[in-house]
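Accompanying notes for the structure given below.
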Amino acid sequence: MHHSEHRELARLIWSVSELLRDTFRRSLYPEVILPLTLLRRLDCALAPTRALVLEECAQTSDRESDLTQLTGYAFYNTSPYDLAGLLAELGEIIPHFSRYLDGWSRNIRELLEVFEVADTIARLDDSDLLVPVLKRFAQIDLHPRVISNAAMGDLFQELLRISSIFASEHPGSHYTPRDIVRLMARLLLPQDDEQIGPMPCREIYDPCCGTGGLLIGCLEAILEQDPQSRVALYGQEINPQACAICRADLYLRGDGNDATRITLGSTLSCDTHAGKHFAYQLANPPYGASWERDRPAVLAEARRGSAGRFVAGVPRVSDSQMLFLEHLLAHMRPVEEGGGRIAFISDGSPLFTGKEASGESTIRRWLFERDLLEAVIALPEGLFYNAGIATYIWLISNNKEPRRRGLVQLVDARERWTSMRRPLGKKRREVTDQQIDQIVSLVRTFEQGPDVQIHLNSTFGYRAYTIEQPLRLTFQTTTDHLARVAALPAFQELGKDTRDGVLAMLSELAADPCKDRTAFTHLLMSTAAGCGIRLTQRRCATLLDSLAERDETAEICRDATGKPEPDPRLCDIERVMLQEDIQSFFEREVKPYVPDAWINTEVRDQVDGAIGRVGYAIHFNRLFYRYQPPRSLAEIEADIRQLAHETERLLRDILDR
């Protein structure tokens, strides 16, 4: 089914909302439309075997195994009804609907409980809407022969996209389009049968699986390579409705075991697959979503250190993307068991946000220093339904092939897209199969080119050094400076006689500026003693601060040991690439311009203890920047003349009226 086809079908289904408008709030439309769409799909799938199931129910009580064998699915319904059949009943429809719901196998009843179908049906009946709504759904053929499982997945994603608009969900909540699913699956999985074949069972995991698009996309990619492959899907999803739809999709594919491995709950606070490790993992977590709700559990997990999932660090609470990445890293299959691979989508923030020693930077450092990051692919904008921003695919492996070790590949695929005839939400572009082949080829070829760069891991690391400059002060006792002293809170607390004495004493000092703090301090103390005023060390320092002005021509202020004191206002940070020697950089880039500057040796890295703090960042746009020369003056002048001509013509038209 093409984009336009499943979009039109989704609109047809969503048109049921016209009946709900006066009874249900807009945010409640999904509570009616999503479960009834699911029920209609299940009904259509069971239609060919309904009579056989009813006959079997009349003859035996051993239902579970016999009935699923009859239906060919991991579910069944023992009631004589489907949604269309309920409309043929005379009188009260609710009792028959209850029998219909109770007739579903337990696994489907559990999914329907998520949608609270019984309550929704009762409300529809109270509003005299149940029959009109059922008639609409009974007219839609959703049999698997008519709409494939893949197309049905697209249909559910489109319905969920529309639902998110009506529910005003966080803009980071989105579902992965099928073109990106195909690209991620191709990038994640081995490129030939020889690599993929030896594994007895390929286990794939997505910690924020939504309706299961990424998982099922990988499943289809593997089966396309080898139809005999055994694949086990694992996932977790926080949205109950999306989780239920994912399970239903897997039930329809005939494997009830996969469906039971899709669990409900917040991955960050409750890891339902703890202790499990996977060969293949992939995720498209929400962008810019806060993890405030999970904060206690996340911080407790981080305190476990290497025994927990968040050993590399904890990012800002306003964005959970890097936490999901760490979660995936914790679930990678160990190298001694064959290793694991990860395909992870993010926006631009995790690539560079956070200065050295921040949570984001320490997580990136953890990746680079363990040689885990294999490649980063920049995708075109406008690919996702609810997010039109720039996005990137991270490829991570703990068992890199020899030619990739110690290196990171950057692929610029931002121009490999095709315009869609009609946008889907914010998705106005798609990546065709041919363009997917091109991107995958760039990654696998692993050669430098206009759209490919290959760098050492250390290229993305730097060490931030604190550069200090000496404090230089001039001291004066002008009227303005004396007014500063008089306004000091500590000065106001003194008695009147003391205040008058201090001001008189300061007035006796020379009015000319003094550019030497040591000399001025001696002068201040001796003058105070001559006036019979006792200055404590604290009062003396307070007076000096009020009488001081920064002056580049003044003498350097020194501490008691004779060392220069740093000026806090002139403190600077120099970020030096890890490959470069700091002394060479300092002599070349700092010393010629600030001869008195020095490196603060007390600021050290918390990991290696060396001077300066280490940070890592991937500035993708900077690395792929291409200079565009400005237009010639003649072209600019021609444009200005043209605009002036157009403006003059418009003014004449207005005046002639």
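The values are calculated or read from the model by the stated rules, or taken from the named source; none is laboratory data. Values in this document were obtained by computation on a predicted structure and should not be read as measured data. With ideal geometry, Cβ positions are generated from the backbone for all residues, glycine too; neighbour counts draw on all protein chains shown. When the accessible area is computed, the model is the full protein with side chains, heavy atoms only, and any ligands, DNA or RNA have been set aside. Shrake-Rupley method; radii C 1.70, N 1.55, O 1.52, S 1.80 Å.
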On the basis of being buried (at least 18 other Cβ atoms within 10 Å of the Cβ), more than 20 Å from the chain's Cα centre (by Cα) and more than 27 Å from Cys44 (Cβ to Cβ), does Ile216 make the cut?
no
Suppose we keep only residues that are among the basic types (Lys, Arg) and surrounded by fewer than 19 Cβ atoms within 10 Å (Cβ to Cβ) within segment 310-358. Which one would you say is modelled with the highest pLDDT?
Arg316
Considering only segment 50-66, I want to know if a residue exists there that is open to solvent by less than 10 Å² (accessible area, probe 1.4 Å) and under 39 Å from the mean Cα position of the chain (by Cα).
no
Here the qualifying pairs (Cβ atoms under 6 Å; residues six or more apart or on different chains; first in segment 99-119 and free of Cβ contacts under 8 Å to residues at least 24 places away in the same chain; second open to solvent by less than 10 Å² (accessible area, probe 1.4 Å) and not in a strand (DSSP E or B)) come out as Arg99/Ser79; Tyr100/Ser79
Can you give me the ranges of the helices (runs of 4 or more DSSP H) entirely in segment 320-378 with at least 2 residues that are among the β-branched types (Val, Ile, Thr)?
359-369
Which of the helices (runs of 4 or more DSSP H) contained wholly in segment 426-541 include at least 2 residues that are on the phi > 0 side of the Ramachandran plot?
none
How about segment 590-603: which of its residues are loosely packed, with under 14 Cβ neighbours inside 10 Å and under 40 Å from the mean Cα position of the chain (by Cα)?
Thr601, Glu602
Here is a check on your reading of the model: is Asp141 open to solvent by 40 Å² or more (accessible area, probe 1.4 Å), assigned to a loop (DSSP other than H, G, I, E, B) and in contact (Cβ under 8 Å) with a residue 12 or more places away in the chain?
yes
Failed condition for Met152, given (1) within 18 Å of Tyr76 (Cβ to Cβ); (2) buried (at least 20 other Cβ atoms within 10 Å of the Cβ); (3) in contact (Cβ under 8 Å) with a residue 40 or more places away in the chain
(1)
Sole exception among (1) modelled with pLDDT of 90 or more; (2) farther than 30 Å from Gln281 by Cβ; (3) part of a helix (DSSP H, G or I) for Arg186, by number
(2)
Tell me which residues, restricted to segment 216-233, are in contact with a Lys or Arg (Cβ under 9 Å, 6 or more places away or on another chain) and either within 23 Å of Pro35 (Cα to Cα) or in a loop (DSSP other than H, G, I, E, B) (or both).
Ile216, Ser229, Arg230
Selected residue (only one of Ala51, Ala88 is in a helix (DSSP H, G or I), over 25 Å from Arg247 (Cβ atoms) and hydrophobic (A, V, I, L, M, F, W, C))
Ala51
